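The values are calculated or read from the model by the stated rules, or taken from the named source; none is laboratory data. Here the structure is a predicted model, which means the values were calculated and not measured. As a convention, Cβ positions derive from the backbone with ideal geometry for all residues, glycine included, and neighbour counts pool all protein chains shown.
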Amino acid sequence: MAAAGSLAKHEQILVLDPPTDLKFKGPFTDVVTTNLKLRNPSERKVCFKVKTTAPRRYCVRPNSGIIDPGSSVIVSVMLQPFDYDPNEKSKHKFMVQTTYAPPNISDLEAVWKEAKPDELMDSKLRCVFEMPNENDKLNDIDASKPAPVLNTSKQDGPMPKPHSVSLNDTETRKLVEECKRLQAEVMKLTDENQHLRVKHFEMINETPVPHIRSGWC
């Protein structure tokens, strides 16, 4: 028989993504952030709070709150810079603790103080530190290279396809805007050239013809 004081815990109502591991990818010379998604599939509001075994090493936003039925919350977990030792295994852990929100909730702290142990649900996640491999480093270098400038002044036929370059969305948008600006300048110069030709033609036609005296031999 089970001990008289033991109480069966409820299964976690929230759906966590990722479910078991929080992965942080180095280098760890700067703050490294990973996201944890909490989804509430139930028909009741759920209170949550996030705890860690190493509170001085992490900044968590938001670290507590209320999730409406069918809604989700993204929790950002920020690992502070540190000297990474590949031989040292991370022992850091996180726990997401939850309980159903009472009706007309006004004080979240009071909910946790008054919650009974059998009303609490929790999920544990372990922290995993990873250093980027060589392929990731090469991709980062390719993405940081400026896009090649194509000289179109001597191109009579179709433009050759540029080499594939790894670009992020921001760099792509910048290239598109730059192309649009160059096209607009070309159209403007073409219009100005056409206008000058018309003006020149009009000036030639308006030049007075010298008067020739009649009867001049």
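Figures for the structure shown
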quantity: Count of region 105-123 residues which are among the hydroxyl-bearing types (Ser, Thr, Tyr), in contact (Cβ under 8 Å) with a residue 60 or more places away in the chain and assigned to a loop (DSSP other than H, G, I, E, B); calculated: 0
quantity: Any chance ASP136 is under 30 Å from LEU38 (Cβ atoms), at pLDDT 60 or above and in a helix (DSSP H, G or I); calculated: no
quantity: Residue tally, condition free of Cβ contacts under 8 Å to residues at least 40 places away in the same chain and either polar (S, T, N, Q) or in contact with a helix residue (DSSP H, G or I) (Cβ under 8 Å, 6 or more places away or on another chain) (or both), over region 75-96; calculated: 2
quantity: Residues of region 80-108 classified as more than 13 Å from PHE24 (Cα to Cα), at pLDDT below 90 and surrounded by 12 or more Cβ atoms within 10 Å (Cβ to Cβ), total; calculated: 1
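Every residue, every condition in (1) under 16 Å from VAL73 (Cα atoms); (2) not hydrophobic (A, V, I, L, M, F, W, C), yes or no:
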{"residue": "THR20", "(1), (2)": "no, yes"}
{"residue": "LYS25", "(1), (2)": "no, yes"}
{"residue": "VAL31", "(1), (2)": "no, no"}
{"residue": "LYS37", "(1), (2)": "yes, yes"}
{"residue": "ASN40", "(1), (2)": "yes, yes"}
{"residue": "THR53", "(1), (2)": "no, yes"}
